[in-house]
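Enquirer: One structure, as structure tokens, below. Some questions next.
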Amino acid sequence: MEQFLLDLKREKYNGSYDLAYKTINHLRKIITQTRWANANELMAIIREAGKRMVSAQPSEYVIGNMVRRVLKIIREEYVRIQGESEESVNKGSLHKMVTSDQDFQDFNTPLKELKTIVMEAVNEYIDEMEASIHNIAAQAVEHIHSDEVILTVGKSRTVEAFLKQAAKKRKFHVIVVEGAPLYHGHELAKSLASKKIETTVVTDSAVFAMMSRVNKVIIGTHSVLANGGLKAVNGAHMVALAARQHAVPVIVLGAMFKLCLLHHSALGGNEASFNRLSSPQEVMDHYEGGTEILSDVQIYCPTFDYVPPELVTLFISNIGGNAPSYMYRLLSELYHPDDHEL
């Protein structure tokens, strides 16, 4: 556990999927290697470990998502072994909320087969995560048509797979916003060009001028918030605003494990827990400004943008497409109400 927490603090992971996979794999080890007598004790162990992991890297929401998902799996499997319906543990209706005392589950009954069945369910969920990019890419032909102009920003592996899948049956043009100062857009453009996809790289300042030629904006996201808003790469908000001005639909690609329970307003304007500031070395070199200027200048280089839900047209996940206003329903299916607060 200590080594895993140290890796989290040192950011030894490559993107949201890699972090989600490492987190749930660590939780799987906790289930198999710790001593517990019943589901209640197991959930307490998972919840305590989850608190430590979230506090080690609070800006990565997929950690909390994985912890809550495993807790939901434990609840579901316990109820299924007991031979009851899942509705008794999922308070999904007003009637269930009113009669929740009658349907109360204490999860204290020891069940020999619980560990085996929970492990099988966790493994199935990991398989679902591994196939998420392929399931999203399989929907590409439905959304990208021939001779369209697609705009994207930065580099997203999900967007890359989506565009490459569409290119097998469609011929279209991609405009890639370079995403200064990290310039990940150049990597995406090079990868798309290697697959014979017509690609143009533009600077961030040229987005508004190019938007009039664009048919669709397709971007990836770091996390999807509970209200349907996005925590996306820096520059995504600017692109979404330009798209709304030109009435261009904005399509967001992201697997279900990126859907989290947080609202941007719930953070209380605390950008430290929402954003991450990278080194300003890329924006202004220490030797460019001189000591006299830099001593009076504060340079903020945020990694992420918040994109409000009204700027998003469609959210495409591995289970299909949904409007941002539908996120609340997906959240109720993914996480149990009792696990919202770890």
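The values are calculated or read from the model by the stated rules, or taken from the named source; none is laboratory data. Every value quoted in this text rests on a predicted model; they were computed, and no experiment measured them. In this analysis, Cβ positions are derived from the backbone assuming ideal geometry, glycine residues included, and neighbour counts consider all displayed protein chains.
Enquirer: Would you check if VAL239 is assigned to a strand (DSSP E or B), touching a Ser or Thr at 6+ places or on another chain (Cβ under 9 Å) and within 23 Å of PRO309 (Cβ to Cβ)?
Expert: For VAL239, the condition - assigned to a strand (DSSP E or B), touching a Ser or Thr at 6+ places or on another chain (Cβ under 9 Å) and within 23 Å of PRO309 (Cβ to Cβ) - is not met.
Enquirer: Spot the failing condition for THR32; the list is (1) in a loop (DSSP other than H, G, I, E, B); (2) surrounded by fewer than 16 Cβ atoms within 10 Å (Cβ to Cβ); (3) not hydrophobic (A, V, I, L, M, F, W, C), and only one is missed.
Expert: That leaves (1) as the condition not met.
Enquirer: Considering only residues of region 110-163 that are of a type in the set (A, V, I, L, M), in the same structural domain as ALA189 (by TED's automatic domain parsing) and touching a Lys or Arg at 6+ places or on another chain (Cβ under 6 Å), which is nearest to GLU178 (Cα to Cα)?
Expert: ILE150
Enquirer: Among the β-branched types (Val, Ile, Thr), farther than 22 Å from ALA161 by Cβ and not in a loop (DSSP other than H, G, I, E, B), is that true of VAL207?
Expert: When the stated conditions are applied, VAL207 passes them.
Enquirer: If we keep just the residues of region 273-321 that are among the aromatic types (Phe, Trp, Tyr) and surrounded by 16 or more Cβ atoms within 10 Å (Cβ to Cβ), which is modelled with the highest pLDDT?
Expert: Here the residue is PHE315.
Enquirer: Return a yes/no flag: does region 176-191 have any residue that is at pLDDT 95 or above and closer than 20 Å to VAL248 by Cα.
Expert: yes
Enquirer: Among the helices (runs of 4 or more DSSP H) contained in region 126-198, which hold 2 or more residues that are farther than 29 Å from HIS26 by Cβ?
Expert: Those helices (runs of 4 or more DSSP H) span 140-143, 157-167, 184-194.
Enquirer: Now, a different point. Name the residue, out of LYS190, LYS231, that is surrounded by 19 or more Cβ atoms within 10 Å (Cβ to Cβ) and either in the same structural domain as THR303 (by TED's automatic domain parsing) or in contact (Cβ under 8 Å) with a residue 24 or more places away in the chain (or both).
Expert: LYS231
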